[in-house]
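Taking it in order: structure first as structure tokens, then the write-up.
Quick note: the coordinates plus some simple rules give every number you see, no bench work behind them. Predicted, not measured: the structure shown is a model, and the values here were computed from it. All Cβ positions, even for glycine, are placed from backbone atoms using ideal geometry, and neighbour counts span all protein chains on display.
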Amino acid sequence: MKKYTSIFFAIAFVFAAPFVVQADEDDHTPLEEEMDAMNKSWRHVRRALRDPAKFADAAKKVETMIVHAEKSIEMEPILLAEQEGAEAKKKFMEGYQKGMRYTVKMLKELQAAFEAGDAEKATELVSKLNDARKKGHQKYKPEDED
């Protein structure tokens, strides 16, 4: 019986090990979690542009994005660790924080546009935010992620 118990545990380990490794690969930094939360709301916001009846809901989603963006300002991007020297790290963080503050500013403008029912302004801001998002991800996010 002891022999079968050992075999059972060995088989169970072989089948369970890949799931343990997968869990480690899915771990996210606090910054990634904030960005993921923003991204979920962002999809709703972009879709709302097509339907003015959804502008009030979109304004609430943007408000959620603002909260997450503000939290992320002081967090460190993964690529900070790759910067060599204190001055390079400082410059990298200043650039990241400046970009995130700009994002918060534009999100507040977008929220106001949705609340005012200004589809033209909202569309313009979504386009600007998309461009800023792409540029920010190129500079502050590892290439293999997105």
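Summary of computed values
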{"item": "Order of 93, 38 - criterion: other Cβ atoms within 10 Å of each residue's Cβ, fewest first", "result": "93, 38"}
{"item": "In Hz, Karplus ³J(HN,Hα) per residue of segment 78-87 (6.51, -1.76, 1.60; θ = phi - 60°; x = Gly, Pro)", "result": "4, 5, 4, 4, 7, 6, 9, x, 4, 5"}
{"item": "Calculated from backbone phi, Karplus (6.51, -1.76, 1.60) coupling profile of segment 29-35 in Hz, x at Gly/Pro", "result": "6, x, 5, 4, 5, 5, 5"}
{"item": "Likely footprinting exposure, 41, 127, fewest C-beta neighbours within 10 Å first", "result": "127, 41"}
{"item": "Pair residue 98, residue 79: separation of 7 Å Cα→Cβ label points (nm)", "result": "1.5"}
{"item": "Segment residue 54-residue 134, extension gain: residue separation times 0.36 nm, minus the distance between their alpha carbons", "result": "26.3 nm"}
{"item": "Out-of-range pairs (alpha-carbon distance over 18 Å; input 105/128; 40/91; 89/141; 71/121; 71/134; 98/141)", "result": "40/91; 71/121; 71/134"}
{"item": "Relative exposure of 129, 79, judged by other C-beta atoms within 10 Å (fewest first)", "result": "79, 129"}
{"item": "Segment 28-140: relative contact order in percent, alpha carbon pairs under 8 Å with at least 6 residues between", "result": "30"}
